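To start, the structure under review is shown below, and the notes come after it.
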Amino acid sequence: MLRNPDFALLEKQFGIVMPDVVDYFPEGVIHDERLAMDAQPALVSVSNAGIPSYLANYIDPNLIKVLVAPNKAAKIFGEAKKGDWVTRTATFPLIEHTGEVSSYGDWNENGSVGANANFPQRQSYVYQTITKWGEFQLETLALAKIDWASRLNIASAIILDKFQNLSYFFGIAGLQNYGLLNSPDLTAVLTPASKAYGGVKWVNSGVVVATANEVFTDIQSMFIQLVNQANGLIDAESKMVLALSPQSAMALTATNSFNVNVYDLLKKNFPNIRFETAPQYATTAGQLVQLICENVEGQETGYCAFNEKMRAHPIIRKESAFVQKKSQGTWGAVIFQPFAIAGMLGV
């Protein structure tokens, strides 16, 4: 292509040299067949106007744990280890002193003393759970910053203790293994007194319907039963625990016309009482309340018992995985002095 004659003029008059420029479009020219007007070619890749969504995803490093109901049986009734994991039967010797007296006389030989021994027994129940984790599983979940093996071990401890807690409340069916709520040695439960609102309940449909004095009177009735059953061994100064469901516990906040609630009335009249709640007291038969004297004459009323707590067996190595068994054992709730427990059902 020939160079534009203007280039020679620019070079001669102004000394402007443009060796690489072949031509240009004069001012006012809007179209020339030499100007390429090709259409935009089609895309080879998929049309996109964004980025992969995972690049804009935030993973919180704090793991949110799903909460479960608390284990309260041991806190209510105490806990003790009896035997070991191979112990199948536990015997709790019971001694009762007997005797009679007679009028005195130098040569009289009347009157005698004796003792009666019983040997009540309980059977243990040993149970287990299995923890499994694999190498690929561990590394995959590690990408999400989850310590999977540790979480599985925590889960095994939680599930074992949940069952242990249930055994303390309800025992094990088919064995001489009873719970705090269903031991055959317990005395019959009381029925709450009728309320001015109607019925016998403390709480109805989420509303406290009993007055403070009515709730206190029901608890007072349980204490009177303890006094009668103990024949003077229990008094208002004795250490006691009032155990009830979280729902029923709300009734203890009921306040009378003197601005005194049930908690205040109980602490004033029974200075050594404490309060514990557990969801197991919301039974299928109704809301249950227990008033338990913790010890009588220095002797424990009873306790929750186990023969093994969290026995971790060897970790078994598979081709690319691991397996571990964990086990525990329970005697349920062992009650020595059932007369020191009073219950009321239907509040």
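For the pair Glu237 and Val86, label points projected 7 Å from Cα toward Cβ lie 4.9 nm apart.
With the cut-off at under 16 Å, measuring from each backbone N in the stretch 81-107 to a point 7 Å along the Cα-to-Cβ line of Gln121 picks out 83-84, 86-94.
Which order do peptides 335-346, 142-153, 86-97, 273-284 fall in by mean Cβ count within 10 Å, highest first?
Numbers: 335-346: 21.2, 142-153: 13.1, 86-97: 11.4, 273-284: 17.1.
Peptide ranking by packing, descending: 335-346, 273-284, 142-153, 86-97.
Normalised by the number of residues in the chain, the average gap of Cα pairs under 8 Å and 6 or more apart makes the relative contact order 22 percent. Which of Ser221, Ser156, Ser320 moves the most in a Gaussian network model of the chain with Cα springs under 10 Å? The residue with the greatest mean-square fluctuation here is Ser320.
Between Ala144 and His97, the C-beta separation translates, for a Förster distance of 56 Å, into a calculated FRET efficiency of about 0.25. Among Tyr197, Asn295, Tyr104, which residue has its Cα furthest toward the positive end of the charge dipole of the chain, with +1 on Lys/Arg Cβ and -1 on Asp/Glu Cβ? Going by the Cα projections, it comes out as Tyr104. When shorter helices are ignored and each DSSP H run of at least 4 residues is given -39500 (n - 2.57), the per-residue value for the chain at 222 nm works out to -6500 deg cm²/dmol. Simple spin-label estimate for Thr253 and Ala8 gives 10.6 nm between the two label positions (7 Å along the Cα-to-Cβ direction from each Cα).
Provide the packing ranking of 126-137, 48-59, i.e. peptides ordered by the mean count of other C-beta atoms within 10 Å per residue, highest first.
Numbers: 126-137: 14.2, 48-59: 7.1.
The packing order, highest mean first, is 126-137, 48-59.
Sort the chain into rounded, prolate or oblate with this rule: let a ≥ b ≥ c be the square roots of the eigenvalues of the Cα gyration tensor; rounded if a/c is under 1.5, and if a/c is not under 1.5, prolate when a/b is larger than b/c, oblate otherwise. Prolate, since a/c reaches 1.5 and a/b exceeds b/c. When the pairs Lys65/Lys195; Lys75/Lys325; Lys82/Lys326; Lys75/Lys195; Lys82/Lys268; Lys82/Lys267 are compared against a 30 Å limit on Cα-Cα distance, Lys65/Lys195; Lys75/Lys195; Lys82/Lys268; Lys82/Lys267 fall above it. Please give the Cα centre distance for the stretch 89-103 versus the stretch 164-237, rounded to the nearest Å. Spelled out, the Cα-based centre of one part sits 29 Å from the other.
Readers should treat all values here as calculations from the given coordinates under stated rules, not as data from a laboratory. Computed from a predicted model, the values in this text were never measured in an experiment. Glycine gets a Cβ as well: all are built from the backbone with ideal geometry, and neighbour counts include every protein chain shown.
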